[in-house]
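Student: Got a structure for you, questions after.
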Amino acid sequence: MKILITGAAGFIGSKLVFELARRGDEVVGIDNLNTYYDPNLKYARLEKFYGIHVDKSWLKSHCVPETGGNGEEISYPEMPWREEIPSTLFPEHLKFVRMDIADRESLEALFDRKQFDKVMNLAAQAGVRYSIKNPYAYVESNVMGFMNILECCRRHGIKHLVYASSSSVYGLNTQVPFSEDDEVIRPVSIYAATKKSNELMAHAYGKLYNLPSTGLRYFTVYGPWGRPDMAPMLFANAISRGERINVFNNGDLIRDFTFIDDIVNGTIQVIDKIPQPNVDSIPIKVYNIGCSHPVKLMDFISEIEQALGKEAKKNYLPMQPGDVYQTNADTSKLEQEVGYHPRVLLHEGIEEFVEWYKEFTNKR
């Protein structure tokens, strides 16, 4: 099976391409390697999950100053655009291409050349709080980029499009656990609004062109190789350095933390299951994918403190714009219809995350 994975140097995407290639699928991963956070982490994922190595002398001579999402100047190697780079781990099954899904012409050329069977769209401008500062980036990637994906899938008769939605679409919904049957028309961030727009666009393409699609509303994902702008890495960095961590809403927050391995396994199960037409004769599905065991933020911090063997210094702050008090996934539909069952307990997942964190930071 030929599969395109977008956002393939990201947290979920890099692990996903590895697992699909390992089972024997023919996979192409694309990513624009943008500077929302330090791309050197993305290059480290390429080395880990693709076996694509960046020579240190080449890296030094090709570093380009950029400004990351946090405003700090960073440097990164300039990889070529649109060039297929084979994986050394799975040379017959996996290739990486630096490409932006907002680049319609290049994306269409890739679809023409590869003739994919299925597509997993993980590419998106991420981050709820950053969407308040830079909304145009979200429309360009999450709306226009997704439009390009839909059009390419339509034109090439893709058998199944799976795409990343988000738990953020539930917005001001206070009924828990969150169910796919809940009304989701009250987003509290541009990021959430773009993710809901993806679901609506996929619905329209399912109706107009009979394009089978499944949206996955990801809940808070954590684990090794996670994003540096997310809570686990921010907490681990600050606690390790003896710096204060920011604890929003005075610590009174609840999140449905889900370990990366469970997320990837569930995503693969969804890719394999093409949706049947619903009551409106449209071949679409939307699922929550989380752990269904929400955790208090203070308990999550406590687990990281124990794993690091160091107590956090806390800076208590009010609720941030765009944040919600609680996320709690009802995953019963995904369990019943696809066979999804998260297995990693929070304590186990945090231990694995911290073990990776120590090893990764020691190498930098």
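Student: For the stretch 104-111, state whether one or more residues are part of a helix (DSSP H, G or I) and at pLDDT below 95.
Tutor: There is no residue in the stretch 104-111 that is part of a helix (DSSP H, G or I) and at pLDDT below 95.
Student: Which pairs have Cβ atoms under 8 Å, sit 6 or more apart or on different chains, and link a residue in the stretch 5-21 that is buried (at least 24 other Cβ atoms within 10 Å of the Cβ) to one that is part of a loop (DSSP other than H, G, I, E, B) and among the hydroxyl-bearing types (Ser, Thr, Tyr)?
Tutor: Ser14/Tyr50; Val17/Tyr50; Ala21/Ser87
Student: Name the single residue, out of those in the stretch 178-206 being surrounded by 19 or more Cβ atoms within 10 Å (Cβ to Cβ) and of a type in the set (Lys, Arg), that is farthest from Ile12 (Cα to Cα).
Tutor: Of everything passing the filter in the stretch 178-206, Lys196 is farthest from Ile12 (Cα to Cα).
Student: Which ones in the stretch 169-189 are hydrophobic (A, V, I, L, M, F, W, C), assigned to a loop (DSSP other than H, G, I, E, B) and in contact with a strand residue (DSSP E or B) (Cβ under 7 Å, 6 or more places away or on another chain)?
Tutor: Listed by number, the list holds a single entry, Val176.
Student: Continuing with the same structure: So, of the residues in the stretch 99-152 that are surrounded by fewer than 20 Cβ atoms within 10 Å (Cβ to Cβ) and among the basic types (Lys, Arg), which turns out to be nearest to the chain's Cα centre (by Cα)?
Tutor: Once the filter is applied, the top-ranked residue is Arg129.
Rundown of residues vs (1) under 23 Å from Ser168 (Cβ atoms); (2) among the hydroxyl-bearing types (Ser, Thr, Tyr); (3) touching a strand residue (DSSP E or B) at 6+ places or on another chain (Cβ under 6 Å), yes/no style:
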| position | (1), (2), (3) |
| --- | --- |
| Phe257 | yes, no, yes |
| Glu303 | no, no, no |
| Leu308 | no, no, no |
| Ala329 | yes, no, yes |
| Val338 | yes, no, no |
| Arg343 | no, no, no |
| Glu352 | no, no, no |
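Student: May I ask you to list pairs of residues, at least six apart or on different chains, whose Cβ atoms are under 9 Å apart, with the first in the stretch 308-330 being farther than 25 Å from Arg241 by Cα and the second being basic (Lys, Arg)?
Tutor: Pro321/Arg129; Gly322/Arg129; Asp323/Arg129; Gln326/Arg255; Thr327/Arg255; Asn328/Arg255; Ala329/Arg217
Student: Applying the selection to the stretch 207-226, what residues are more than 19 Å from the chain's Cα centre (by Cα) and either buried (at least 23 other Cβ atoms within 10 Å of the Cβ) or not in a helix (DSSP H, G or I) (or both)?
Tutor: Asn210, Leu211, Pro212, listed by residue number.
Student: Have a look at Lys285, Lys273, Lys296 and point out the one that is basic (Lys, Arg), in contact with a Pro (Cβ under 9 Å, 6 or more places away or on another chain) and touching a residue at least 12 places away in the same chain (Cβ under 8 Å).
Tutor: Selected residue: Lys285, the only one of Lys285, Lys273, Lys296 that is basic (Lys, Arg), in contact with a Pro (Cβ under 9 Å, 6 or more places away or on another chain) and touching a residue at least 12 places away in the same chain (Cβ under 8 Å).
Student: I'd like to check which strands (runs of 3 or more DSSP E) are fully inside the stretch 234-335 and have at least 2 residues that are in contact with a helix residue (DSSP H, G or I) (Cβ under 6 Å, 6 or more places away or on another chain) and of a type in the set (Phe, Trp, Tyr).
Tutor: Counting at least 2 such residues, we get no strands (runs of 3 or more DSSP E) at all.
The values are calculated or read from the model by the stated rules, or taken from the named source; none is laboratory data. Owing to the predicted nature of the structure, the values given are computational and were not obtained by experimental measurement. FYI the Cβ positions are ideal-geometry reconstructions off the backbone, even for glycines, and counts take in every protein chain you see.
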